[in-house]
Amino acid sequence: MTNAMSLDRRDFFGLALGGLALGLAAVSPRAARAQATGAKLKIATIGAGREGGALGTLFAKEGHPVMFSSRNPDSLKDLVAGAGPNAKAGTVAEAVAFGDVVLIAVPYTAMEQIAKDYGPALATKQLVFDVSNPIPRRDGDDFVKKINDQGGAGVASAKMLPGAHVVRAFNAIGSGGLTAAAHRKGEPLGVPIAGDDAKAIELASALIKELGFEPVLIGGMAKGKYLVPGTPLGGEHTPAEIRKIAAGLS
């Protein structure tokens with residue numbers, strides 16, 4: 001595994017500009033086979049609310065087999081129907097077993113339990129998208145302070161999911177914005193991402209581009225704290241705006 005934190009600043013931001021020379025085929029033999037045959041990676045969502053539902057639907061419409069998960073999968077019938085024939089629903093355990101890529105979009109207070117229950121399985125996945133954010137009005141000020149004292153959401157997620165190939169992405173943009181901006185005409189909407197694993201970053205970038213967005217790497221998981229709404233990178237920005245903002249972050 002290449003630790004992105006060991007790259008110098010120029011090389012690190014070169015990843016966001018597409019400078020990484022690994023190529024999607026280097027992610028894993030399975031990814032290489034999928035690319036060669038035109039097959040799509042299976043994507044599972046832990047969390048099927050507005051964000052998880054919107055992202056899962058976008059991936060399903062791109063042809064990826066998608067499994068939305070819930071403690072009550074029957075409650076997801078409308079979501080599955082709207083996402084189309086590539087989508088289905090299952091329990092969290094079924095979704096984790098199903099996915100090549102797992103997208104976690106839950107209240108951040110649930111992250112610790114998810115890590116306890118499924119951490120070893122998530123560590124076997126090619127990519128874990130961390131879309132969850134600690135939000136004071138929902139999670140409480142004391143909880144958010146505890147996460148921030150650990151270095152923020154990115155560092156906390158990495159600690160909770162040791163060995164997992166985690167990339168924080170899609171955190172800063174609301175579900176409505178994601179749905180409206182996918183494959184929009186003109187300049188694509190920028191999606192700031194943070195991660196320490198170069199192969200996971202490469203795969204995440206390819207998947208984000210597939211949805212019609214432009215991924216912009218802002219740094220390692222320590223920079224993941226800046227992807228929370230209310231920070232300078234919260235909301236919708238062009239790729240150039242994201243790079244400018246990110247250059248000023250400590």
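The values are calculated or read from the model by the stated rules, or taken from the named source; none is laboratory data. None of the values given here were measured: they were computed from a predicted structure. We place every Cβ from the backbone using ideal geometry, glycine too, and count neighbours over all the protein chains shown. Calculation scope for accessible area: heavy atoms of the full protein, side chains included, ligands and nucleic acids excluded. Shrake-Rupley method; radii C 1.70, N 1.55, O 1.52, S 1.80 Å.
Just add up the charged neighbours of Ser205: K/R +1, D/E -1, any other residue whose Cβ is under 14 Å from the Cβ of Ser205.
Values: positive: Arg168, Lys199, Lys209; negative: Asp197, Glu202, Glu210, Glu214.
Within the 14 Å Cβ shell, the charges total -1.
Antiparallel as a % of all DSSP beta bridges within the stretch 129-250, to the nearest 5?
20
Just add up the charged neighbours of Ala156: K/R +1, D/E -1, any other residue whose Cβ is under 10 Å from the Cβ of Ala156.
Taking every other residue near Ala156 into account, the sum is 0.
Whenever you get a sec, line up His183, His165 from highest to lowest accessible area (probe 1.4 Å, protein heavy atoms). Don't skip to the end; give the middle numbers.
Values: His183 105, His165 50 Å².
Greatest to least solvent exposure: His183, His165.
On the protein heavy atoms, probe 1.4 angstrom, tell me the percent of accessible surface of the stretch 152-250 carried by carbon and sulfur.
Of the solvent-accessible surface of the stretch 152-250, carbon and sulfur hold 57 percent.
Once you list every other residue whose beta carbon is under 15 Å from the beta carbon of Asn86, what net charge do they have if Lys and Arg are +1 and Asp and Glu are -1? Show your work: numbers first, answer last.
Details: positive: Lys40, Lys42, Lys61, Lys88; negative: Glu62, Asp100, Glu210.
So the environment of Asn86 carries a net charge of +1.
Among the lysines, which have Cα under 21 Å from the Cα of Lys244 when same-chain residues fewer than 8 positions away are ignored?
Output for Lys244: Lys209, Lys223, Lys225.
With every protein chain present, what accessible area does Glu62 have (1.4 Å probe, heavy atoms only), rounded to the nearest 10 Å²?
For Glu62, solvent-accessible area is about 50 Å².
Let me check something: with ligands and nucleic acids excluded, how do Glu51, Glu94 order by accessible area (1.4 Å probe), largest to smallest?
Glu94, Glu51
Lys223 accessible area, nearest 10 Å², 1.4 Å probe?
Estimated to the nearest 10 Å², Lys223 gives 40 Å².
Please list, in order, the residues from the stretch 231-250 whose amide nitrogen is less than 11 Å from a point placed 7 Å along the Cα→Cβ vector of Glu187.
Under 11 Å, as judged by backbone N against the label point of Glu187, lie 237-244 of the stretch 231-250.
Only four residue types carry charge here, +1 at the Cβ of Lys and Arg and -1 at the Cβ of Asp and Glu. Report the dipole size of the stretch 56-102 about the Cα centre in Debye, rounded to the nearest 20.
The calculation lands at about 80 debye.
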